[in-house]
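Enquirer: Before I ask anything, let me first share the structure, which is written out below as structure tokens.
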Amino acid sequence: MKKIDINTFTGHWPFRKVYHQSPDSIRAYMERDEVEQSLISSFDSIFYNDAFEGDEDLHAAIAGDRRFRMVMTVNPKVPGWQKDLEYECEHYNICAVKVYPTYHNYLLKDPDFLELVSVLEKKKLPLMIALRLEDPRFVYLWSVGTIDLNTIRVLVGETTIPIIMLHGLTAEVQALAPILDGKHNFYVDTCGLRYGVFPVETLRKTVSADSILYGSSYPLLCAKAASYVIERADIPEEEKEKMLYQNAERVFNL
């Protein structure tokens, strides 16, 4: 079944060994799992002092491969991101910006973050917000924080660009169901829904199929676990198609 994966990575994960993290490994996954396009970002860009250095390596690794669309990583607390964003928009053809507040230690009401949102609104670029990347207990070198879901509600109500929440657990998605109604410009991916049973069937009681995007977090997490929650869900085929690729085409203008 055709897919667009909105949440893949390359680079180096610093807390444990991750296999299949090269671009060639991502290509092999795409061919194996019928993924026609992948929105890819860099692990290195999260942890380097200068995120642009990681993005520069990523762009060099995927240049010329139209199956990839690059997602820029921004830490708005580090000076100079505005210049980097201008450069990547012009030269890297980025389709979205991804942020990691729980790793970079700021709140969604932080003035620097709100400046980023304002710039993205002018550029009409989607914003992807990662709640986490894996179980925080694995990240023992420092404490990974949490995001107050109410600040996401406020952000969605005050912005016009698409906001995509990544790695949300089923309970967190359920808590935000009133703004996942297909009318607000707010979306969630599937990589955090692998825990528990029948997550998509459960969510579909309150969440619109127009608000769910297929995202695997491969190679950090198992891609099959993310795709199976949709492919094997007891929901109409037209809803599966929306979640697996049609919503992504619309949200990211693919």
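Enquirer: For SER118, indicate whether it is polar (S, T, N, Q), surrounded by fewer than 18 Cβ atoms within 10 Å (Cβ to Cβ) and at pLDDT below 95.
Expert: It is false that SER118 is polar (S, T, N, Q), surrounded by fewer than 18 Cβ atoms within 10 Å (Cβ to Cβ) and at pLDDT below 95.
Enquirer: Here's another thing I want to ask about it. Just give me the residues in the stretch 113-132 being part of a loop (DSSP other than H, G, I, E, B) and over 20 Å from ASP189 (Cβ atoms), in sequence order.
Expert: LYS124
Enquirer: Looking at TRP81 and the list (1) under 20 Å from CYS191 (Cα atoms); (2) out of contact with any strand residue (DSSP E or B) (no Cβ under 8 Å at 6 or more places or on another chain), which single condition is not satisfied?
Expert: Unmet for TRP81, out of (1) under 20 Å from CYS191 (Cα atoms); (2) out of contact with any strand residue (DSSP E or B) (no Cβ under 8 Å at 6 or more places or on another chain): (1).
Enquirer: Another question, then. I want to confirm something. Restricting to the stretch 135-186 and keeping residues that are in a helix (DSSP H, G or I) and of a type in the set (Ser, Thr, Tyr), which single residue is farthest from the chain's Cα centre (by Cα)?
Expert: THR151
Enquirer: May I pose another question? If a residue counts only when it is touching a residue at least 40 places away in the same chain (Cβ under 8 Å) and basic (Lys, Arg), which strands (runs of 3 or more DSSP E) contained entirely in the stretch 15-112 have at least 1 such residues?
Expert: Hits in the stretch 15-112: 68-73, 96-99.
Conditions tested, residue by residue: (1) over 17 Å from LYS123 (Cβ atoms); (2) under 18 Å from the mean Cα position of the chain (by Cα); (3) surrounded by fewer than 21 Cβ atoms within 10 Å (Cβ to Cβ).
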position	(1), (2), (3)
ARG16	yes, no, yes
PRO23	yes, yes, yes
LEU58	yes, yes, no
ALA63	yes, no, yes
ASN75	yes, yes, no
VAL78	yes, no, yes
GLN82	no, no, yes
GLU86	no, no, yes
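The values are calculated or read from the model by the stated rules, or taken from the named source; none is laboratory data. Quantities reported herein were computed from a predicted structural model and do not represent experimental measurements. As a convention, Cβ positions derive from the backbone with ideal geometry for all residues, glycine included, and neighbour counts pool all protein chains shown.
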